[in-house]
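Reviewing the structure listed below.
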Amino acid sequence: MIEVSELTKIYRLGSVEVPALQGVSFRIERSEVVAIMGTSGSGKSTLMNILGCLDLPTSGQYLLDGKSIAGMDEDELADIRNQKIGFVFQQFNLLPRITVQRNAELPLMYNGGKSNSEIHARSKEILASVGLADRMNHHPTELSGGQQQRVAIARALINQPDLILADEPTGNLDSHTGEEIMNLLLGLNQEHGMTLIVVTHDPTIASRTQRIIRLKDGLIESEKTNENLPPVR
């Protein structure tokens, strides 16, 4: 699903070059669940932005589903983000003035090609799958943090992407709710087979994934396979 080779990213601040990634290489198989860990400044956010086609590397190669993103223009990158990738963020990023259902429908509305009735049917289906069938007409401010994150997950899934990128998806939640959200993501991975990459600082969340890639100073410090995964509850 993903192959990165000698990936570098250098930011230029005036005459100063700041390396964020310094030659990162790894593969992620289709349907795999991987955690990316690292302290602040390790390069994990930069790597996530590149994997999500939100930014381009300075050098190196990134293949997504066998296709290189190098040389793609903004329209092509936007198509990939909308059709192949679902994003889940720590801050939820929901629009407070529209309903839960409308928030979930936004990617389909931007994608085009579907009637309003098809969009409404798909959003009802996906919201039911994340346990929000009875909250569709509520507004985000009427929901708990865990429920808001479920809306964000529904929005990420509505276009049936091959890849879910979750950036600190439990960071704003208490430990019990965070575990529920992780169980939901893992259950969806098992049911639909999408590849799941979770950026997290929480070792408990990382321990639920199949593999942990740890970054330090823009380099891969370690890579570990989890032998004894706890069951999805």
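Tabulated data
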item	result
Single match in Arg97, Arg12, Arg30 (criterion: closer than 27 Å to Leu132 by Cβ, among the charged types (D, E, K, R) and surrounded by fewer than 18 Cβ atoms within 10 Å (Cβ to Cβ))	Arg97
Among the residues listed as Asn116, Asn137, Asn82, Asn103, the single one being in contact (Cβ under 8 Å) with a residue 12 or more places away in the chain, surrounded by fewer than 16 Cβ atoms within 10 Å (Cβ to Cβ) and of a type in the set (S, T, N, Q)	Asn137
Ile164 being within 18 Å of Ser45 (Cα to Cα), surrounded by 14 or more Cβ atoms within 10 Å (Cβ to Cβ), touching a residue at least 40 places away in the same chain (Cβ under 8 Å) and within 17 Å of the chain's Cα centre (by Cα)	yes
Residues within the range 31-52 that are touching a strand residue (DSSP E or B) at 6+ places or on another chain (Cβ under 7 Å) and either closer than 19 Å to Asp79 by Cβ or part of a strand (DSSP E or B) (or both), tallied	8
Of residues in the range 162-184 being within 25 Å of Glu118 (Cα to Cα) and out of contact with any helix residue (DSSP H, G or I) (no Cβ under 7 Å at 6 or more places or on another chain), the one modelled with the lowest pLDDT	Asp162
Residues within the range 24-47 that are small (Gly, Ala, Ser) and farther than 14 Å from Leu165 by Cα, tallied	6
Residue among Gly60, Gly43, Gly66, Gly23 that alone is at positive phi, of a type outside the set (Val, Ile, Thr) and surrounded by fewer than 13 Cβ atoms within 10 Å (Cβ to Cβ)	Gly66
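The values are calculated or read from the model by the stated rules, or taken from the named source; none is laboratory data. None of these values were measured; they are calculated from a predicted model. Cβ sites come from the backbone with ideal geometry, for glycine too, and all protein chains shown count toward neighbours.
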